[in-house]
Amino acid sequence: MRLATVEHEGAVRAGVVRDDPAGAPAVHLLPPGTTVTGLLAAGRAAQDQAERAAAAARGVPLAQVRLLPPLAPPTVRDFVAFEEHVEGVRKSVDGVGGVPEAWYDAPTFYFTNPYAVIGAHDDVPVPPGSRALDFELEVAAVIGREGRDLSPDQARDHIAGYTIFNDWSARDLQSREMQVGLGPAKGKDTATTLGPWIVTADELEPHRDAEGFLALALRAEVNGRVVGEDLLSNMGWPFEDLVAYASRGTAVRPGDVLGSGTCGNGGCLGELWGRGVSRDELPPLAVGDVVTLTVEGIGTVANRVVVGADPIPIPRARPRPRTRPATAVPSARRNP
């Protein structure tokens, strides 16, 4: 089942995307107040009921709705699960070749901005101050049940579905700020595309290979030119491992989004630059560029880059005299 959130006639509604008799997708709107997150959390029986209700409802052609992000995630974790991507983009961003040995230890992630989530065809503003905007082709798992300290086997039952994830990246801002030893921060803070909808996990089970990976074909295009193609099964860990690791010592909850990390073989421009492709041949994204990402079994998202805001100046850190309080705090080193 494909679950979407749309804007239609001035209202935000959840719906089920079904193909009409001619094969064109249409959104069958669900009753007001229904949310995709609620349906995912309610489980298979509620989803089946929603699908029956959608089948009886009139379908609205996709051209008559705006596809919003399929849900408003409470948290967004973005992993870095493709070895080939790490190898290429590390050279581009940090100037260092190879894959860090620590990468192999566990599926590392960072938390990105849930307020920056945009829909499948929304415009993407250039991040303030950036001159090196990039895309990142990913797939995300969406959590449907709360869980803590899960094993990979348990984690599979907590994944409700999957969606396309584009982690828009300001490579120049990212490269500079990560020299501090934190981040990424503003290099990844302006936009994250989710969409076009969530495909429930059962729909993609036929694509699971013998090792437990989802063998989905991935393709990235810039202005109609194919720049990257890969298989989702080239992840270093399947999604169940990512969810289990995310839940270690904490909880994952309905609506949480966990990105796979960028695929290899051109899943972003940064990887290609790190592998020696000239920026003259594949320059950073510019205003007017359209990035189209397609994932087998899920669908396609396409976003246009538009002018962003100018950065409001923030002063550099001011050197401080490091004065201390007049009354000294008793030292823990002082002898009794």
Practice task
Find the residue count for region 270-319, including only residues that are outside any helix (DSSP H, G or I), of a type outside the set (D, E) and either closer than 30 Å to R208 by Cα or open to solvent by 60 Å² or more (accessible area, probe 1.4 Å) (or both).
Solution key: 29
Exercise for the section: Determine, yes or no, whether F109 is on the phi < 0 side of the Ramachandran plot, in contact with a Leu (Cβ under 8 Å, 6 or more places away or on another chain) and open to solvent by 40 Å² or more (accessible area, probe 1.4 Å). Expected result: yes
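When only residues in region 35-82 that are among the acidic types (D, E) and without any contact (Cβ under 8 Å) to a residue 60 or more places away in the chain count, which is nearest to A11 (Cα to Cα)?
Start the filter on region 35-82 by keeping residues that are among the acidic types (D, E), which leaves 48, 51, 78.
Now restrict to residues that are without any contact (Cβ under 8 Å) to a residue 60 or more places away in the chain: 48, 51.
Details: D48: 24, E51: 21 Å.
It comes out as E51.
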Practice task
Go through the residues of region 151-160 one by one and say whether even a single one is under 17 Å from A81 (Cβ atoms), out of contact with any Asp or Glu (no Cβ under 8 Å at 6 or more places or on another chain) and hydrophobic (A, V, I, L, M, F, W, C).
Solution key: no
Fill in the blank from the handout: Only unsatisfied item for V86, checking (1) surrounded by fewer than 16 Cβ atoms within 10 Å (Cβ to Cβ); (2) under 23 Å from the mean Cα position of the chain (by Cα); (3) not in a loop (DSSP other than H, G, I, E, B), is (1)
Handout entry: Residue pairs meeting the criteria (Cβ under 7 Å; at least 6 apart or on separate chains; first open to solvent by 10 Å² or more (accessible area, probe 1.4 Å), in region 250-268; second β-branched (V, I, T))
Key = R253/I143; P254/T37; P254/I143
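Residue check: is V60 open to solvent by less than 30 Å² (accessible area, probe 1.4 Å), of a type in the set (V, I, T), farther than 27 Å from E240 by Cβ and in contact with a Leu (Cβ under 7 Å, 6 or more places away or on another chain)? Spell out how you get there, then give the answer.
Details: open to solvent by less than 30 Å² (accessible area, probe 1.4 Å): yes; of a type in the set (V, I, T): yes; farther than 27 Å from E240 by Cβ: yes; in contact with a Leu (Cβ under 7 Å, 6 or more places away or on another chain): yes.
Yes.
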Problem - Number of the condition not met by A41 [criteria: (1) part of a loop (DSSP other than H, G, I, E, B); (2) surrounded by fewer than 22 Cβ atoms within 10 Å (Cβ to Cβ); (3) of a type in the set (G, A, S); (4) under 25 Å from the mean Cα position of the chain (by Cα)] - result: (1)
Handout entry: Matching residues, region 6-26, being touching a residue at least 60 places away in the same chain (Cβ under 8 Å) and β-branched (V, I, T)
Key = V6, V17
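The values are calculated or read from the model by the stated rules, or taken from the named source; none is laboratory data. In this text the structure is predicted, and so the values were computed from the model without any measurement. In this analysis, Cβ positions are derived from the backbone assuming ideal geometry, glycine residues included, and neighbour counts consider all displayed protein chains. These area figures cover heavy atoms from the full protein model, side chains too; ligands, DNA and RNA do not enter into them. Shrake-Rupley method; radii C 1.70, N 1.55, O 1.52, S 1.80 Å.
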